1. Please name all residue pairs, on different chains or six or more residues apart, with Cβ atoms under 7 Å, provided the first residue is in the range 241-263 and is aromatic (Phe, Trp, Tyr) and the second residue is outside any loop (DSSP other than H, G, I, E, B) and exposed (fewer than 12 other Cβ atoms within 10 Å of the Cβ).
2. Which residues, taken from the range 167-213, are of a type in the set (Lys, Arg) and either under 16 Å from the mean Cα position of the chain (by Cα) or within 29 Å of ASP273 (Cβ to Cβ) (or both)?
3. State whether the residues of the range 215-222 include one that is surrounded by fewer than 19 Cβ atoms within 10 Å (Cβ to Cβ) and aromatic (Phe, Trp, Tyr).
4. Restricting attention to the range 8-23, which residues are over 18 Å from GLN90 (Cβ atoms) and not in a helix (DSSP H, G or I)?
5. What are the pairs, 6+ residues apart or on separate chains, where a residue within the range 156-167 that is surrounded by fewer than 21 Cβ atoms within 10 Å (Cβ to Cβ) has its Cβ under 8 Å from a residue that is among the polar types (S, T, N, Q) and part of a loop (DSSP other than H, G, I, E, B)?
6. Can you tell me which residue in the range 24-34 is nearest to LEU94 (Cα to Cα), limited to those that are in contact with a strand residue (DSSP E or B) (Cβ under 6 Å, 6 or more places away or on another chain) and crowded, with 24+ Cβ neighbours inside 10 Å?
7. In the range 32-51, what residues are under 21 Å from ALA111 (Cβ atoms), in contact (Cβ under 8 Å) with a residue 40 or more places away in the chain and either basic (Lys, Arg) or assigned to a loop (DSSP other than H, G, I, E, B) (or both)?
8. Residues GLU147, GLU141, GLU113, GLU120: which one is closer than 23 Å to LYS35 by Cβ, over 17 Å from the mean Cα position of the chain (by Cα), among the charged types (D, E, K, R) and at pLDDT 95 or above?
Amino acid sequence: MIHSDWGDWLVRDVENANPAGVAIWYHGCNGFVVKGSAGTTIYIDPYLGLGDPPRTTRMIPVPFDPTDVEEADAVLATHEHTDHVDGPSQAPILANTGATFYAPDDSLAVAREDEAWTDEWDVTDEQLTEVAEGETFDVGEFTIHVEIAHDPDATHPVSYVVEHDAGTFFHGGDTKPTDEFERVGDEYDIDLAALAFGAVGRIPDKQTREPKRTRWYNDENQIIECAAALECERLLPSHWDMWKGLTADPTVLHHHAASFDHPRRLEITEIGDRVDL
């Protein structure tokens, strides 16, 4: 069972908000809550677990208990890794709200087969919807485009372009640079892009548990390469706060971005912070 270090104040903050356009809350790791002016609420990659210590050790608070979530229209997953698809973190949201879970095939396999969400929680199979690159669907006031992601550590990653009259939010999951981002940047007018950033560290190997040099996320140059190709106005670095041994300082990115046209601004956020489109 998940226990929140913060009680329910963040969930209530989201539910009580009435944004003029789009409000986006960062809840650590690569998790976000997106809420529009008409009240549509979307959770993206919410993860409230502690990892697998000592291999992966959570370094930030657990910001909310998923059973406290009473308003959600959709939960999106970018890929199949535990900190992006996790039954204890996400299934209670679906059970409480009737929201739809959108995810690529390998992520749905985790929900349906590995973790049996429909058996372990009050979740129906109709709530689990497969998506793939090139598809577009609507959730309330948002139009969501499924785009390519380049994450060599995942079996089928995707990214999401979330469009609203007030602006466009790009969530890249754990993507690294890809030539396809130039096309994405040309096709969409991206106001804010969330991209995973972290250090290279020595993390115990999953099988042998011996320390192994590990690069899971973009370094300083890679994240700016992604942002420049996407032509985003604002870059929000994510994931840098999460795992012991892979944490990083996002403020250094000011130097790396200085000579590029994009991003025009960095949004340095901490867990629990809100930004607006």
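1. Between residues of the range 241-263 that are aromatic (Phe, Trp, Tyr) and residues that are outside any loop (DSSP other than H, G, I, E, B) and exposed (fewer than 12 other Cβ atoms within 10 Å of the Cβ), there is no close pair.
2. Scanning the range 167-213 gives a single hit, LYS176.
3. no
4. The initial filter retains those residues of the range 8-23 that are over 18 Å from GLN90 (Cβ atoms), namely 9, 12-13, 16-23.
If the condition is that a residue be over 18 Å from GLN90 (Cβ atoms) and not in a helix (DSSP H, G or I), then ALA17, ASN18, PRO19, ALA20, GLY21, VAL22, ALA23 are the ones that fit.
5. ALA166/SER37
6. Ranking the qualifying residues of the range 24-34, first place goes to VAL33.
7. ASP45, PRO46, TYR47, LEU48, GLY49 - these are the residues of the range 32-51 that are under 21 Å from ALA111 (Cβ atoms), in contact (Cβ under 8 Å) with a residue 40 or more places away in the chain and either basic (Lys, Arg) or assigned to a loop (DSSP other than H, G, I, E, B) (or both).
8. Unique residue meeting the criteria: GLU141.
The values are calculated or read from the model by the stated rules, or taken from the named source; none is laboratory data. Since the structure is predicted, the reported quantities are computational estimates derived from the model, not experimental observations. Cβ atoms come from the backbone with ideal geometry, glycine included; neighbour counts cover every protein chain shown.
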